[in-house]
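The structure under discussion appears below in the form of C-alpha cells.
The values are calculated or read from the model by the stated rules, or taken from the named source; none is laboratory data. Given the structure is predicted, the values throughout are model-derived calculations rather than measurements. Here the Cβ positions follow ideal geometry from the backbone for every residue, glycine too, while neighbour counts run over all protein chains shown. With ligands, DNA and RNA removed, areas are computed over all heavy atoms of the protein, side chains included. Shrake-Rupley method; radii C 1.70, N 1.55, O 1.52, S 1.80 Å.
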Amino acid sequence: MNHDAYPDNYIRGILNSVKSIAMVGASPVNVRPSYFAFKYLAQRGYDMIPVNPGHVGKDLLGKPFVASLRDIGRPVDMIDIFRNSSHIMPVVEEALTLDPLPKVIWMQLGARDDAAAEKAEAAGIKVVMNRCPKIEYGRLSSEISWMGVNSRTLSSKRPPAPTQGMRLSLNRMSVGGGDTAASDRAAKNKSEQS
Amino acid sequence: MSDRLPGFSTLAVHAGAQPDPTTGARATPIYQTTSFVFNDADHAASLFGLQAFGNIYTRIGNPTNAVLEERVAALEGGTAALAVASGHAAQVVVLQQLLQPGDEFIAARKLYGGSINQFTHAFKSFGWNVVWADPDDIASFERAVTPRTKAIFIESIANPAGSITDIEAISTVARKAGVPLIVDNTLASPYLIRPIDHGADIVVHSLTKFLGGHGNSLGGIIVDAGTFDWSTGGKYPMLSEPRPEYHGIRLQETFGNFAFAIACRVLGLRDLGPALSPFNAFMILTGIETLPLRMQKHCDNAKAVAEFLAGHPAVASVSYAGLPSDKYNQLARKYAPKGAGAVFTFSLKGGYDAGVSLVSKLQLFSHLANVGDTRSLVIHPASTTHSQLDDAAKIKSGAGPDVVRLSVGIEDKEDLIADLEQALAG
Ligand SMILES: Cc1ncc(COP(=O)(O)O)c(C=O)c1O
C-alpha cells in the first residue's frame with residue numbers, strides 16, 4: 001500500500017467493514033482528539049473499546065478501559081493507535097500476538113511508522129497511517145462539509161435526514177485523491193525529511 | 001465506485017452540493033437563519049467544543065455557505081475553505097492567524113489599490129508591518145525576509161494592469177524562509193490559474209469579482225492548501241499551541257491538513273465577525289456554476305479588445321499579458337494558457353484628459369469601481385481605486401495618470417469594440 005495517498009475505496013472498504021475498534025491511547029480528557037474521535041465513532045455505531053493502562057477501573061462513555069490489547073478478551077476488527085510515531089512499534093508487535101489477528105491497524109493523524117506498517121502488512125493486516133478515522137468517516141459521508149472541508153466526493157442522491165446516532169452512507173462518488181494532491185505531496189516531503 | 005477525477009466544469013456545478021435531505025430541493029437552499037437548534041445539551045457542548053460536525057450560529061458557519069466553501073476548495077484543489085463577507089475580510093482573517101503585533105509580512109507591490117491601503121494603514125494599526133517587494137524582481141522578495149517575516153502575499157494576475165506573477169519562483173522564496181505563500185487569485189479565478197498547483201499554501205479571493213461574476217454580491221473566501229506545517233518552531237501559535245478559547249485544543253494536531261481553514265473559522269470569523277450572508281452565498285454559488293463558460297468568454301473578448309486597442313492611433317500602449325508582444329506574455333503562457341484574464345490597462349496619448357473624455361463617452365462600458373462583472377466596466381484608477389497613493393506609488397502599481405483600466409464583460413465583442421471606437425474617435 002502506498003501510505004502517502006490512500007485511494008478512497010481503501011478507506012471506505014475499511015470503515016464499511018469493521019465493527020469493533022480498540023483505541024490505544026484513548027483519553028478520558030474531553031479536549032483530547034482521542035476522546036472526540038472515540039465519542040464520534042461510538043455514535044456512528046462502532047463497538048468501541050478504550051485501551052489505556054493509566055485508566056483501568058474507569059470507563060469512557062460507558063465502556064470500561066482495558067490495560068492492553070491482550071486484556072480485551074475477544075476478537076477486534078481494528079486497532080486505532082493514538083500514540084506518537086515513536087510508540088507505534090510495540091503496539092503493533094502486541095497486536096501481532098492476538099488470535100485472531102485484527103483486520104486493520106490504523107495510526108492517528110500525525111503518527112507514522114513505516115517499519116511497523118510493513119510488519120503488519122506482512123501478516124495480512126491492512127494499515128492506515130497519519131489519518132483520523134473520524135475525519136475520514138465525516139469526509140466520505142460528507143458530514144464534514146458542514147465545516148467547509150473538501151470531502152472530495154460528489155452525490156446527486158437525496159440522503160436521508162440525519163438523526164442522532166445514525167450510520168451514514170459512505171458510498172458517494174469519489175473525486176479521487178488527486179484533488180488535494182498538493183497536501184499529500186507536502187506530507188510525503190515532510191515524512192521523507194524526518 | 002471508481003476513484004475518477006471529475007473535470008473542472010463538473011466540480012463547478014456539483015462540488016459541495018447535494019439534494020436537500022429534508023425537502024429534496026436540488027438547488028442549494030438559502031438557509032436564511034441566524035441559529036440552529038441543538039439535539040440536546042451534550043450535542044451543544046460537543047459542537048461548541050469543536051468535537052462534532054454541525055451548525056451552531058451563522059457567524060461561525062451556515063449550510064448554504066458550507067456548499068460555497070466546499071465548491072471553491074474543490075475548484076482550487078485545497079483541503080477546506082472559509083467564506084467571509086468580502087475579499088478584504090478574507091485578508092484580515094488570514095493574517096490574524098499568522099501575525100502577532102510587531103511581525104512582518106512581505107507583499108508584492110503590484111496589488112489591488114484597496115489591498116495596498118489595507119496593508120499600509122489598517123494593518124499597521126494592528127502592528128502587522130508590511131514590507132513591499134517587486135514581483136518583477138524575485139530577489140527583492142529574498143532581500144525582504146527577516147526573522148519576523150510570517151507570510152508572503154501576492155496576486156496571481158495583478159490588479160490593475162493584469163500582469164502575471166511568477167508564483168513558483170516566489171513560492172521557492174517562501175519555502176526557503178519557512179513561511180506560507182498567500183495568493184490572491186481573484187482576477188484569474190481557478191479556471192485560469194490554480195495557485196496551489198504552483199506552490200501556494202493559502203489562496204484568497206474576492207468572490208465579488210469573477211467567481212460570483214454578476215456584480216450583485218460581495219463575498220470573500222480563504223482556501224487552505226493543506227501544505228504548510230504549522231508546528232515548526234512555535235512560529236504560528238494560533239495553530240500549534242493549546243488554544244485557551246477552546247479548552248486547550250491544538251488546531252494542527254486535531255485537524256491536520258485543514259487546520260488553517262478551521263483556525264480562520266473558529267479564531268478569526270468567530271471573533272472578528274465578518275460573516276457572509278447566506279443569500280450572498282447562494283448568489284455566488286449560482287454564479288460559479290457557469291464560471292468556466294463565462295471566464296473563457298471574458299478572456300476571448302479581452303484579447304479581441306486588447307488587439308483592437310493596440311492598433312488604435314489614440315492609444316499609447318496596452319498592457320495585456322495575452323498579447324504576444326507583452327512583457328508578461330511568457331508568464332501568461334505558462335500560468336494561464338486558457339487566457340490572460342479580462343482586466344487590463346491601456347494608456348492614452350492624450351494623457352489624463354483623454355482618459356476622462358473616453359470614460360464619459362462610452363455607452364456600454366460602465367464607469368464604476370469593480371471588476372469581474374458580466375458587464376464591461378471601465379475606470380480611471382489614478383482618480384479612484386488608486387487615488388490615495390502618491391504619484392510614484394501609482395506608477396509603481398501600474399496606475400499612472402494616463403492609464404485606463406478595463407474589465408471586459410461577456411457581451412458580443414463587436415459591440416464592445418464599436419463602443420470603444422466611437423468613444424476614442426472624439
Ligand atoms: C484583486 C482583488 N483583491 C481583493 C479585492 C477586495 O475584495 P472585496 O471588495 O470583495 O473586499 C479586490 C476588489 O476589488 C480585488 O480586485
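Worth a mention:
- Qualifying residue in the range A:143-158 (condition: part of a helix (DSSP H, G or I) and hydroxyl-bearing (Ser, Thr, Tyr)): yes
- Exactly one residue out of B:VAL94, B:VAL72 is within 16 Å of the ligand (Cβ to nearest atom) and within 15 Å of B:ALA275 (Cα to Cα), and it is B:VAL94.
- Criterion violated by B:LYS176 - all others in (1) closer than 30 Å to A:SER191 by Cβ; (2) in a helix (DSSP H, G or I); (3) open to solvent by less than 30 Å² (accessible area, probe 1.4 Å) satisfied: (3)
- Of the residues making up the range A:94-127, those that are more than 30 Å from B:PHE255 (Cβ to Cβ) and loosely packed, with under 14 Cβ neighbours inside 10 Å are A:THR97, A:ASP99, A:PRO100, A:ALA122, A:ALA123, A:GLY124.
- B:GLN422 satisfies every condition listed in (1) buried (at least 19 other Cβ atoms within 10 Å of the Cβ); (2) away from the ligand (no atom under 16 Å from the Cβ) except (1).
- Extreme residue, nearest to the ligand (Cβ to nearest atom), among residues of the range B:99-115 that are buried (at least 23 other Cβ atoms within 10 Å of the Cβ) and aliphatic (A, V, I, L, M): B:LEU111
- Of all residues making up the range B:214-227, the number that are within 13 Å of the ligand (Cβ to nearest atom) and surrounded by 24 or more Cβ atoms within 10 Å (Cβ to Cβ): 4
- Residues that are among the hydrophobic types (A, V, I, L, M, F, W, C), over 18 Å from B:GLY226 (Cβ atoms) and touching a Pro at 6+ places or on another chain (Cβ under 9 Å), drawn from the range B:248-291: B:ILE249, B:PHE282, B:LEU291
- Strands (runs of 3 or more DSSP E) fully within the range B:292-382 counting 2 or more residues that are open to solvent by 30 Å² or more (accessible area, probe 1.4 Å): B:315-319
- Boolean, A:ASP99 is in contact with a His (Cβ under 8 Å, 6 or more places away or on another chain) and either closer than 30 Å to B:ALA200 by Cβ or more than 12 Å from every other protein chain (Cβ to nearest Cβ) (or both): no
- Any hit, the range B:183-197, residues being in the same structural domain as B:ALA17 (by TED's automatic domain parsing), within 16 Å of the ligand (Cβ to nearest atom) and of a type in the set (Asp, Glu): yes
- Single residue of B:PHE279, B:PHE255 found to be at pLDDT 95 or above, part of a helix (DSSP H, G or I), open to solvent by 10 Å² or more (accessible area, probe 1.4 Å) and in the same structural domain as B:ARG59 (by TED's automatic domain parsing): B:PHE279
- Residues being at pLDDT below 95 and open to solvent by 10 Å² or more (accessible area, probe 1.4 Å) are entirely absent from the range B:77-86.
- So A:SER86, is it more than 14 Å from chain B (Cβ to nearest Cβ), within 30 Å of B:TYR246 (Cβ to Cβ), of a type in the set (Ser, Thr, Tyr) and open to solvent by 20 Å² or more (accessible area, probe 1.4 Å): yes
- Any chance B:SER387 is over 22 Å from the mean Cα position of the chain (by Cα) and either open to solvent by 10 Å² or more (accessible area, probe 1.4 Å) or within 16 Å of the ligand (Cβ to nearest atom) (or both): no
- The residue pairs whose first member lies in the range B:150-174 and is within 14 Å of another protein chain (Cβ to nearest Cβ), whose second member is within 12 Å of the ligand (Cβ to nearest atom) and hydroxyl-bearing (Ser, Thr, Tyr), and whose beta carbons are closer than 8 Å, counting only pairs six or more residues apart or on different chains, are B:ILE167/B:SER156.
- Subset tally (residues that are open to solvent by 10 Å² or more (accessible area, probe 1.4 Å), away from the ligand (no atom under 13 Å from the Cβ) and part of a loop (DSSP other than H, G, I, E, B)) for the range B:198-213: 2
- Qualifying residue in the range B:138-147 (condition: of a type in the set (A, V, I, L, M, F, W, C) and in a strand (DSSP E or B)): no
- Of all residues in the range B:51-97, those satisfying the criterion of being aliphatic (A, V, I, L, M), outside any strand (DSSP E or B) and within 8 Å of chain A (Cβ to nearest Cβ) are B:ALA52, B:ALA66, B:VAL67, B:ALA73, B:ALA74.
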